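**Student:** Supplied in structure tokens, the structure appears directly below.
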Amino acid sequence: MKKTFYVTTPIYYPSDKLHIGHSYSTVAADTIARYKRLRGFDVKFLTGTDEHGQKIERIAKEKGVTPKQYVDTIVDWIKDLWKLMDIEYDIFIRTTDDIHVKAVQKIFKKLYDSGDIYKSEYEGKYCTPCETFFTERQLVEGKCPDCGRDVETVKEESYFFKLSRYQDRLIKHIEENEHFIQPSTRKNEMINNFLKPGLEDLCVSRTSFKWGIPVEFDPGHVVYVWIDALSNYITALGYASADDADYKKYWPADVHIVGKEIVRFHTIIWPAMLMALNEPLPKQIFGHGWLIIDGGKMSKSKGNVVDPQILVEKYGVDSIRYFLLREFAFGQDGNFTNELLLKRINSDLANDLGNLLSRTVGMIDKYFGGALPAEQTANGFDQDIIEMAKTVVQQVESHMEKMLFSDALAAIWSFISRCNKYVDETTPWVLAKDEERKAELANIMYVLAESLRIISVLICPFMPNTPKAIETQLNIKDSAIKTWDSIQTFGGLGRQVTIAKGAVVFPRIDIAKELEAIEKDIPTPEKSEVKETPINKKEDE
RNA sequence: GGCGGAAUAGCUCAGUUGGCUAGAGCAUGCGGUUCAUACCCGCAGUGUCGGCGGUUCAAAUCCGUUUUCCGCUACCA
């Protein structure tokens, strides 16, 4: 039986369309999923939407539709976006799905029965005009942070989750499992800010709004966010349903990919819930960094966030996916600018990879009429290429285990550079003038074609479309030479390569011109406002 | 306030447990080449590794201190 691999994204809050920050998490998860599939794992890749809560209820009301109608339209849009970005998820869970709703009710009941959930009183500050609860901390000088008016103390009967009960076990688990929280700096934040000072019990029900999962045995209450949202990772697999085969097969998750702002929920509340349910904990939570906008104030409230749809339509999925994973270190924040994006596309994709393919295919066409002869003679530079091809595969494998996407791509690109250098070293245009040396020339072309085959397999997880273009132009049809195993040794491609010249894969972009055009679409704010603004800050994961 | 990060070439960043003339990519300059998407290849740089003090034969790397920036600080997701 194949080894399983279960990877998840956060479930996104469909209060509005998603932005590039959400795409970032999802592209990363998709890439790791594709990579693991390529390595022969039985992969489950889960994404979805977290659809309940007061905010959605309010927006729907403003729009004059039901909450369900409202989220339906956003969810359709999200699914289209993932299709556009070539996200190959296995399951798309919605917290309004029947299977999820029923399972959450069972989970809630189970926790109540075990004494992990108890009824008590929640005391909060309520702003009547805004119809919102606030905590003491959220208040601005004792007033409503939204409208500035007075708030009143309101007591609400609520259910609480006994988070405090699991404090010691959590500390132990986190400290004993080095890879549980990644990157490790997040681990210290959790321990010092929450676990060491002591955990407070968590309010897990509300009566102030209706748009949520009703508590089965107490109909006035709805299950509050985190019990609802976090459960998705197991309800999507059929936990607490009639058919829990997938749960038994895939749980615990190998990695939950989340933005760093929700690491807390995933490393404290979620494990505590699982402990209370007597279920195994996920193996790893990876809190990636944010994309920071430099030169543009991007926040949802301003309505000028970076729209992934526009970027993809303009520059292509593979370019955007490549950029996201290459430019930024996965665990850290990174500056997103249009200029960086365009520079990356030009230098790495157009000049290095695209041009390598183009010149290789061009020469096979020009010197051999599109088909290499069987008779080929090796040269002194071949060995270096062959050895490096082997090394690169190992490097990519090692980086991918640690989710170092950028490092993996850098390794692949150093091989691409090596291939471009090989062309210079062997000077095919000189050999082409000499009929006697056709066999040497043919070998050079073969080494390049075979290298491109290997490159095309290596980039598969990151860029789903480019490999197809490479395969078409080099006439690679046999699926046996598109596997990961097939790139462990140099020479999988038959010697008599025939080519089919195609269009340029990554056209060069006139950066100055393009930037000017973009600026027209998105007005640049005053320099003084340029202060970095996280585009996915604390919103809607 | 508490806790945790970051500060390295013009720009974006690498630099495991202290040991190299401190690196890469981009941008810049010069040279080469012409198969290719004015591409590719080579060479050349510049750096008080935030400041100060200390440990050491040796510190970007460890310790102390200081400056600036950033993150987390629980029931909004």
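**Student:** Reachable aspartates and glutamates from A:Lys248, Cα under 18 Å, same-chain residues fewer than 8 places away excluded?
**Tutor:** In chain and number order, the partners are A:Asp42, A:Asp90, A:Glu279.
**Student:** Quote the FRET efficiency, to the nearest 0.05, computed for A:Ala512 versus A:Lys2 with a Förster distance R0 of 56 Å and r equal to the Cβ-Cβ distance.
**Tutor:** The calculated FRET efficiency here is 0.65.
**Student:** For chain A, what does the helix formula give at 222 nm: sum of -39500 (n - 2.57) over DSSP H segments with n ≥ 4, over the residue count, nearest 500 deg cm²/dmol?
**Tutor:** -13000 deg cm²/dmol
**Student:** Sorted by packing (mean other beta-carbon atoms within 10 Å per residue), highest first, where do A:336-344, A:474-482 land?
**Tutor:** My ranking of the peptides, most packed first, is A:336-344, A:474-482.
**Student:** What is the gain in length, in nm to one decimal, between A:Asn278 and A:Asn335 on full extension, counting 0.36 nm per residue of separation less the C-alpha to C-alpha distance?
**Tutor:** Separation in residues times 0.36 nm, less the Cα-Cα distance, equals 16.4 nm.
**Student:** Just grab the label-to-label distance for A:Lys477 and A:Gln496, each label 7 Å out from Cα along the Cβ direction, in nm (one decimal).
**Tutor:** 1.3 nm
**Student:** Can you list the lysines whose alpha carbon is less than 18 Å from that of A:Lys68, not counting same-chain residues fewer than 8 positions off?
**Tutor:** A:Lys17, A:Lys55, A:Lys79, A:Lys102, A:Lys210
**Student:** I would also like to ask the following. Starting from the coordinates of the alpha-carbon atoms of region A:151-210, obtain the Kirkwood hydrodynamic radius over all distinct pairs and give the value in Å to one decimal. All intermediate terms of the calculation are to be shown ahead of the outcome.
**Tutor:** Values: mean 1/r = 0.0731 Å⁻¹.
Averaging 1/r across every pair of different Cα atoms and inverting gives 13.7 Å.
**Student:** Roughly how far apart, in whole Å, are the Cα centres of region A:1-25 and region A:366-411?
**Tutor:** Result: 32 Å between the Cα centres.
**Student:** Can I ask one more? If I require 18 Å or longer along the helix axis, counting alpha carbons, and a Kyte-Doolittle average no lower than 1.0, what helices from chain A are left? Use full DSSP H segments.
**Tutor:** Going by DSSP H runs, the hits are A:438-459.
**Student:** Distance check, please: which entries in A:Lys2/A:Lys106; A:Lys44/A:Lys402; A:Lys3/A:Lys402 exceed 26 angstrom between their Cα atoms?
**Tutor:** From the list (A:Lys2/A:Lys106; A:Lys44/A:Lys402; A:Lys3/A:Lys402), the Cα-Cα distance tops 26 Å for A:Lys2/A:Lys106.
**Student:** Treat each spin label as a single point 7 Å out from the Cα along the C-beta direction, and report the A:Glu178 to A:Thr66 distance in nm.
**Tutor:** Spacing of the two 7 Å Cα→Cβ label points: 5.3 nm.
**Student:** Continuing with the same structure: Which value results for Rg/Rh of region A:228-379 when Rg is the Cα radius of gyration and Rh the Kirkwood radius based on the inverse mean 1/r?
**Tutor:** Taking Rg over the Kirkwood Rh, I get 1.17.
**Student:** In sequence order, what are the phi-derived ³J(HN,Hα) couplings for region A:270-275 according to the Karplus relation 6.51 cos²θ - 1.76 cosθ + 1.60 with θ = phi - 60°, rounded to whole Hz, with x for glycine and proline?
**Tutor:** The phi angles translate into 4, x, 5, 4, 5, 4 Hz.
**Student:** Sticking with this one: Give the aspartates and glutamates reachable from A:Lys155 as a straight Cα distance under 15 Å; neighbours fewer than 8 places away on the same chain don't count.
**Tutor:** Qualifying aspartates and glutamates at Cα under 15 Å: A:Glu121, A:Glu123, A:Glu131, A:Glu136.
**Student:** May I ask you to derive the FRET efficiency for A:Gln383 and A:Asn188 from their Cβ-Cβ distance with R0 = 45 Å, giving the value to the nearest 0.05?
**Tutor:** Once the sixth-power term is evaluated, E becomes 0.45.
**Student:** How many percent of all Cα-Cα pairs in chain A sit more than 43 Å apart? Don't skip to the answer; put the middle values down first.
**Tutor:** On the way: 40531 of 146070 pairs.
Considering chain A, 28 percent of its Cα-Cα pairs are separated by more than 43 Å.
All of the numbers you see were taken from the coordinates with simple rules; none came from a lab. The shown structure was predicted, so the numbers you read here are calculated from the model rather than taken from an experiment. When we count neighbours, we look across all protein chains shown, and the Cβ atoms used for this are built from the backbone with ideal geometry, even at glycine.
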